[in-house]
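Heads up, the thing below is written out as structure tokens.
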């Protein structure tokens, strides 16, 4: 029995021992995200800043996006952004347009490319766009508060050595880490590749919050159980054992989702590509943070509190 227990402990990864390294890796990516957000900002789509979206279908081969944009610039639409959408369509985003301006845009395309058809036209005013942006921020704040309250309630019977509310705060720190990475990547994509964010991006962020906190709660729940049955062990050992006991499950669960998301990025079409990309980045970061950030943070916080007592 003693031999088997010794072998089991040797086979465990000592994740807690190297928590400074894990924090350092996260700190670098989070810092890059913050700098990108401050320096470049987010490239808001028409959902948030107002404007028009026109989708046109070509009868044969779709010309290059740069060629279509050159035609529109020649017609006076210097702010036009052109993106492929499927095999025979393109999406054109511009600032707010009156009907005459929209007709002028279509006529410029018709003169150059015979047989094109308008598939979609969407116009959103700047006031509505600003309102949507404010509501998106409120949604993220309310979801974060709800997560803290729920985790504090779910772990209410845990009082020693870690208070229940600390589980909630640790989970939120890990979630902020995940969101900073996603937002930072899209700030860079917006600056260098003119990728815009829309309401689907907010949906992706909320989905990442839910998935990431799910992974974190699985580890926290095992820590709670081990605190009850592992009296006499150091908190660092309890947390490390809990992470190892849930490590394979967390990775397997995340990998099944990641495989699906990779398939959607490759074959799912242009219209959902960046929505799926945001999910892929966020879920990958969330898996990392639930293992290497949230749980070690409980130990660091506990040691800091004890040193001040």
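Please treat every number below as a calculation from the coordinates, not as lab data. Predicted model, so just to flag it, every value in this text is computed and none were measured. Cβ coordinates were reconstructed from backbone atoms using ideal geometry, including for glycine residues, and neighbour counts include every protein chain displayed.
Based on a Kirkwood Rh over C-alpha pairs, give the Stokes-Einstein translational diffusion coefficient of segment 51-124 at 20 °C and viscosity 1.002 mPa s in µm²/s.
Value of D from the Cα-based Kirkwood radius: 178 µm²/s.
What does the highest-first list of 229-236, 24-31 look like by mean Cβ count within 10 Å?
On the way: 229-236: 12.4, 24-31: 14.2.
My ranking of the peptides, most packed first, is 24-31, 229-236.
At each listed q (0.09 Å⁻¹), what is the log10 of I(q)/I(0) that the Debye formula gives for segment 110-246 modelled as equal alpha-carbon point scatterers?
-0.44
Evaluate the distance, in nm, between pseudo-label points positioned 7 Å from the Cα of residue 228 and of residue 118 along their respective Cα→Cβ axes.
The two pseudo-label positions are separated by 6.4 nm.
Radius of gyration and Dmax for the chain's Cα atoms, expressed in Å?
24.6, 83
Regarding segment 70-171, what whole-number volume in Å³ per residue does the convex hull of its Cα atoms give?
Output value, Cα hull per residue: 160 Å³.
Viscosity 1.306 mPa s, temperature 10 °C: Stokes-Einstein D of segment 197-280 from its Kirkwood Cα radius, in µm² per second?
This corresponds to a translational diffusion coefficient of 107 µm²/s.
When the Cα atoms of segment 157-208 are enclosed in a convex hull and the volume is divided per residue, what value in Å³ results?
68 Å³
How long are the semi-axes of the ellipsoid equivalent to segment 1-122, from square roots of 5 times the Cα gyration tensor eigenvalues, in whole Å, largest first?
Equivalent ellipsoid semi-axes, largest first: 54, 20, 12 Å.
Arrange 32, 293 by Cβ neighbour counts within 10 Å, fewest through most, would you?
32, 293
Rounded to the nearest 500, what is the chain's calculated 222 nm mean residue ellipticity when only DSSP H runs of at least 4 contribute -39500 (n - 2.57) each, over all residues?
Only helices count here, giving -24000 deg cm²/dmol.
How much length, in nm to one decimal, is gained on full extension between residue 29 and residue 245, taken as 0.36 nm per residue of separation minus their Cα-Cα distance?
Details: separation 216, 0.36 × 216 = 77.76 nm, distance 2.70 nm.
Between residue 29 and residue 245, full extension yields an extra 75.1 nm.
Taking the 0 to 90 degree range and rounding to the nearest ten, how far is the long axis of helix 65-74 tilted relative to the main principal axis of the chain, both from C-alpha atoms?
So the helix axis and the longest Cα principal axis differ by about 50 degrees.
Can you compute the FRET efficiency between residue 101 and residue 138 using 1/(1 + (r/R0)^6), with r the Cβ-Cβ distance and R0 = 30 Å? Round to the nearest 0.05.
0.35
Using the basic label-point model (7 angstrom from Cα toward the beta carbon), what is the residue 131 to residue 257 distance in nanometres?
Result for the modelled spin labels: 3.2 nm.
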